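The values are calculated or read from the model by the stated rules, or taken from the named source; none is laboratory data. These figures come from a predicted structure and were not determined experimentally. Neighbour counts run over all protein chains shown; Cβ positions are idealised from the backbone, glycine included. In case anyone asks, the SASA skips ligands and DNA or RNA and just uses the protein heavy atoms, side chains included. Shrake-Rupley method; radii C 1.70, N 1.55, O 1.52, S 1.80 Å.
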Amino acid sequence: LACILTLPAYQRKGYGKMLISFSYELSKKEGKVGTPERPLSDLGLVSYRGYWTRELLAILKDESRAVMSIKDLSELTMIKTEDIISTLQHLNLLAYQKGAYVICAAPELIEKHLKAAGSPGVEVDPTKLIWTPYNAEKEYANFRG
């Protein structure tokens, strides 16, 4: 999705959150990392950062995933690494040590940030998403012959 717009009469009802979630579910189906179009408005940044926070912290909260890199988080969520870094920095969960970023997330701090991030709104069920990504190479091959 190139642009997400929720008209004033429908704001504050969770539709923006749903559209953001929907766009990332499409990215997961397509296997391509997604990011919003820049520059983001102030409200856009708040909305996306809320989504990123909920998604990233839900993964970091999972204790079965002992070691998690920013690249791993990106591959699981299809959130661009720069957006992951900025979100974790905003939450003060990222330290830069010896030339590399290190995620420092105590379980209590993750819970605190998850509560502050609020609800995900209307949830998108990826199992109900029936969509095939456009394949330009396949179409070009059919065109040639």
**OP:** Give me the accessible area per residue for region 1-139, probe 1.4 Å, as a whole number in Å².
**Re:** 67 Å²
Original post:
Out of residues 5 or more away from LEU94 or on other chains, whose amide H comes under 5 Å of its own, with H placed 1.01 Å from N in the peptide plane?
Top reply: CYS104
Original post:
For the chain, what is the relative contact order in percent, using Cα pairs closer than 8 Å and at least 6 residues apart in sequence?
Top reply: 31 percent
Subject >> Carbon + sulfur, % of accessible area of the chain - ligands and nucleic acids excluded, 1.4 Å >> reply: 55 percent
**OP:** Give a quick list of GluC sites (Glu not before Pro) in region 107-145 that DSSP marks as loop, anything other than H, G, I, E or B, with at most 10 other Cβ atoms within 10 Å.
**Re:** none
Original post:
Along region 48-60, what does the Karplus equation 6.51 cos²θ - 1.76 cosθ + 1.60 (θ = phi - 60°) give for ³J(HN,Hα), rounded to whole Hz, x for Gly and Pro?
Top reply: 5, 4, x, 4, 4, 4, 4, 5, 5, 5, 4, 6, 5
Subject >> Loop-resident sites, region 1-68, for GluC sites (Glu not before Pro), counting at most 13 other Cβ within 10 Å (DSSP) >> reply: GLU37, GLU63
Original post:
Once phi is turned into ³J(HN,Hα) by the Karplus curve 6.51 cos²θ - 1.76 cosθ + 1.60 with θ = phi - 60°, what whole-Hz value does each residue of region 95-110 show in order, with x for glycine and proline?
Top reply: 10, 10, 10, 6, x, 9, 7, 10, 7, 10, 10, 6, x, 5, 5, 4
Subject >> R0 of 25 Å, Cβ-Cβ distance MET68-LYS13: FRET efficiency to nearest 0.05 >> reply: 0.15
Original post:
Which loop-located chymotrypsin sites (Phe, Trp or Tyr not before Pro) does region 85-145 contain, where loop means any DSSP state but H, G, I, E or B and the Cβ has at most 15 other Cβ atoms within 10 Å?
Top reply: TRP131, TYR134
Original post:
Computed over the Cα atoms of the chain, what is the ratio Rg over Rh, Rh following Kirkwood?
Top reply: 1.02
